[in-house]
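Trainee: Input: one structure, supplied below.
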Amino acid sequence: MEKFFGKSIYQAVAIGKIAFSSKEKQQVRRTKVEDTAAEIERFENAKAEALSQLGALYEKALKEVGEDNAAIFEVHQMMLEDDDFNDGIKSKIETQQVNSEYAVALTGDTMAEMFENMEDEYFKARAADIKDISERLINVLTGNGGLDSLSEPSIIVAEDLAPSETIQLDKSKLLAFVTELGSSNSHTAILARTMNLPALIGVKIDREWNDKTGIVDGYKGLVIIDPDEETLEEYRAIQKSDAEKKELLKTLRGKETVSKSGKKINLYANIGKPADLASVIENDAEGIGLFRSEFLYLGSSDFPTEEEQFAAYKKVAEIMGRRRVIIRTLDLGADKQVDYFNLGHEDNPAMGYRAIRICLDRTDIFKTQLRAILRASAFGNISIMYPMIISVDEVKKIKEIVEGVKAELRAENVKFNEDIEQGIMIETPASVIMSDELAENVDFFSIGTNDLTQYTLAIDRQNSKLDGINDSHHPAVLRSIKKVIENAHKAGIWAGICGELGADTTLTQTFLDYGIDELSVSPSFVLPVRKAVINAD
Ligand code: PEP
Ligand code: MG
């Protein structure tokens, strides 16, 4: 039994098998095989497993991101069955008496090179697919679990996980995350919280842990490898008591979120995709205060169409009924990268081409999203929120575009809510300073304390080395929040917090003293925050 420490980002306990995910290209060793027939059978079995993984991925993508985006997994299945590819591998095993991994790597490299040298752009692009299927086969052969091939609920151990990878994981197969890199305010950490999964960062990981039993203790920031029976018993007891506490919190379901002095708070939840709604309902959130719409883009291999987005927004609006759903427009860039946007390298991506800056530049992408949101507004209580605002001028430009889209829809006789509320995120020092004027131009403010802390303190939220001083309790952040709420109220609009700080129950009383109107938190924090509000003055 061994113990390793890290920093916890969600307090819970997980017990289960470890799946080590490596992004490094596998080093394939050549070994001599005596029984080539048995080796060919080994290859055939791995191929069957890879085909079944691709079939499952196709079905998942079909449900979540539509047929066009799912098609790639069908293409990969066809390539795996390709005669030239298969014959190449089998003949190498037979004639050179080599192991399957080596035969696959050699055949894959040769074919990829052949495609790369072709003139036709379509065939050139197939080189990446060949590499992808070879890698998948090698992963199956070596037992190196790719994250989409988990056969049972597992603790994911990885050097790092990008938000785009995390969003594609099958939640039913996840028990916990343990990573070496990452920081507590990163979007991957936020996703772990949304999924209620214990997660540790900053752990010195080891690939030898693969397939071993592990315990992740999100209370102590500890991962235990190969625990003994006594330790397992101890942690099973903690899991049981956690479940009991959770049940107790559920007695707060259906209760109003009102402080002792009678201040009513709108207690909403943050989500990234329609599937998060189950947890929103279970935890009795009074609305959605932040729908991070970019996760629809991150979970997709191409721009989500207006119809795909409309379907997602409509579903959320319909399920939430009369309760408010605040859809934040695309906030890509910085740590949230998608290949098909081709955002390119930037020296300072957090301060770069991101969020509303992309939308005001690529108005085609922005208008598609606005059309989808406005159309969905006919089916529930939807508001729109814009991220990373720094000036009144931006708000005016946005409103002009929105008016244009509304006019288009009117001309097409498409129903939408003419009076849809439009708010902005306050997450830059500029927007704090300008909050008096901004408040005159929007319907609400939602304070994004994750970015506001990053930009106010000049501390990269992705940099785990700075986690120790990345302090959202810094007086500069708290004073900013106070000022923003005051300026909102002067202009007669409401103000809330949708950054992670909103869930910090040590500050609930402070926020109430400032006059906060709304708090939007990860679903699992809704009931603990309700409890804190009810117990506050
Ligand atoms: C924030 O910055 O606080 C916020 C809620 O937005 P995100 O975490 O998605 O950047
Ligand atoms: Mg932000």
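Trainee: Among the residues of region 106-134, which ones are open to solvent by less than 70 Å² (accessible area, probe 1.4 Å), assigned to a helix (DSSP H, G or I) and hydrophobic (A, V, I, L, M, F, W, C)?
Mentor: L106, M111, A112, F115, A125, A127, A128, I130, I133
Trainee: Another question, if that's okay. For region 484-500, which residues satisfy the criterion of being within 11 Å of ligand 1 (Cβ to nearest atom) and open to solvent by less than 10 Å² (accessible area, probe 1.4 Å)?
Mentor: G496, I497, C498, G499
Trainee: Look at Y514 and say whether it is of a type in the set (S, T, Y) and within 16 Å of ligand 2 (Cβ to nearest atom).
Mentor: Judged against the criteria, Y514 is not a match.
Trainee: Then there's this: Please go through region 253-265 and give me each residue that is surrounded by 11 or more Cβ atoms within 10 Å (Cβ to Cβ) and either at pLDDT below 95 or more than 20 Å from I497 (Cβ to Cβ) (or both), ordered by number.
Mentor: Those that are surrounded by 11 or more Cβ atoms within 10 Å (Cβ to Cβ) and either at pLDDT below 95 or more than 20 Å from I497 (Cβ to Cβ) (or both): R253, K255, K260.
Trainee: Okay, moving on. Closer than 30 Å to T179 by Cα and surrounded by fewer than 21 Cβ atoms within 10 Å (Cβ to Cβ): is that true of L527 in this structure?
Mentor: no
Trainee: Anything in region 454-466 that is more than 23 Å from V432 (Cα to Cα) and surrounded by fewer than 18 Cβ atoms within 10 Å (Cβ to Cβ)? List them, or say none.
Mentor: N463, K465, L466
Trainee: Being within 16 Å of ligand 2 (Cβ to nearest atom), free of Cβ contacts under 8 Å to residues at least 40 places away in the same chain and either more than 24 Å from the chain's Cα centre (by Cα) or not in a strand (DSSP E or B) (or both) is the requirement here; does E403 meet it?
Mentor: no
Trainee: Let me confirm something: among Y353, Y313, Y268, which residue is surrounded by fewer than 19 Cβ atoms within 10 Å (Cβ to Cβ) and not small (G, A, S)?
Mentor: Within the list Y353, Y313, Y268, the selection yields Y353.
So that you can scan it fast, the table gives a plain yes or no per residue for (1) touching a His at 6+ places or on another chain (Cβ under 7 Å); (2) under 20 Å from V432 (Cα atoms); (3) in a helix (DSSP H, G or I):
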residue	(1), (2), (3)
L343	no, no, no
C359	no, no, yes
A372	no, no, yes
R375	no, no, yes
E394	no, yes, yes
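Trainee: Of the residues G468, G448, which single one is in contact with a Pro (Cβ under 8 Å, 6 or more places away or on another chain) and either free of Cβ contacts under 8 Å to residues at least 60 places away in the same chain or within 14 Å of ligand 2 (Cβ to nearest atom) (or both)?
Mentor: Answer to the check: G448.
Trainee: Identify, please: which residue in region 467-483 is buried (at least 16 other Cβ atoms within 10 Å of the Cβ) and of a type in the set (G, A, S) and is, among those, nearest to V526 (Cα to Cα)?
Mentor: Among residues in region 467-483 that are buried (at least 16 other Cβ atoms within 10 Å of the Cβ) and of a type in the set (G, A, S), the one nearest to V526 (Cα to Cα) is S472.
Trainee: Of the conditions (1) touching a residue at least 60 places away in the same chain (Cβ under 8 Å); (2) open to solvent by 20 Å² or more (accessible area, probe 1.4 Å); (3) in a helix (DSSP H, G or I); (4) not aromatic (F, W, Y), L137 satisfies every one except a single condition; which number is it?
Mentor: (2)
Trainee: So, in region 73-92, of the ones that are over 29 Å from E34 (Cα atoms) and surrounded by fewer than 17 Cβ atoms within 10 Å (Cβ to Cβ), which residue ends up modelled with the highest pLDDT?
Mentor: M78
Trainee: Condition first: buried (at least 16 other Cβ atoms within 10 Å of the Cβ) and either under 20 Å from the mean Cα position of the chain (by Cα) or part of a loop (DSSP other than H, G, I, E, B) (or both). Now tell me which residues in region 361-370 satisfy that.
Mentor: Once the filter is applied, which keeps residues that are buried (at least 16 other Cβ atoms within 10 Å of the Cβ) and either under 20 Å from the mean Cα position of the chain (by Cα) or part of a loop (DSSP other than H, G, I, E, B) (or both), region 361-370 yields only Q369.
Trainee: Let me ask something else about it. Looking at region 469-481, is at least one residue among the β-branched types (V, I, T), at pLDDT below 95 and either within 16 Å of ligand 1 (Cβ to nearest atom) or not in a strand (DSSP E or B) (or both)?
Mentor: Yes, region 469-481 contains a residue that is among the β-branched types (V, I, T), at pLDDT below 95 and either within 16 Å of ligand 1 (Cβ to nearest atom) or not in a strand (DSSP E or B) (or both).
The values are calculated or read from the model by the stated rules, or taken from the named source; none is laboratory data. Treat the numbers as computed from the prediction; the structure is a model and nothing was measured. In this analysis, Cβ positions are derived from the backbone assuming ideal geometry, glycine residues included, and neighbour counts consider all displayed protein chains. With ligands, DNA and RNA removed, areas are computed over all heavy atoms of the protein, side chains included. Shrake-Rupley method; radii C 1.70, N 1.55, O 1.52, S 1.80 Å.
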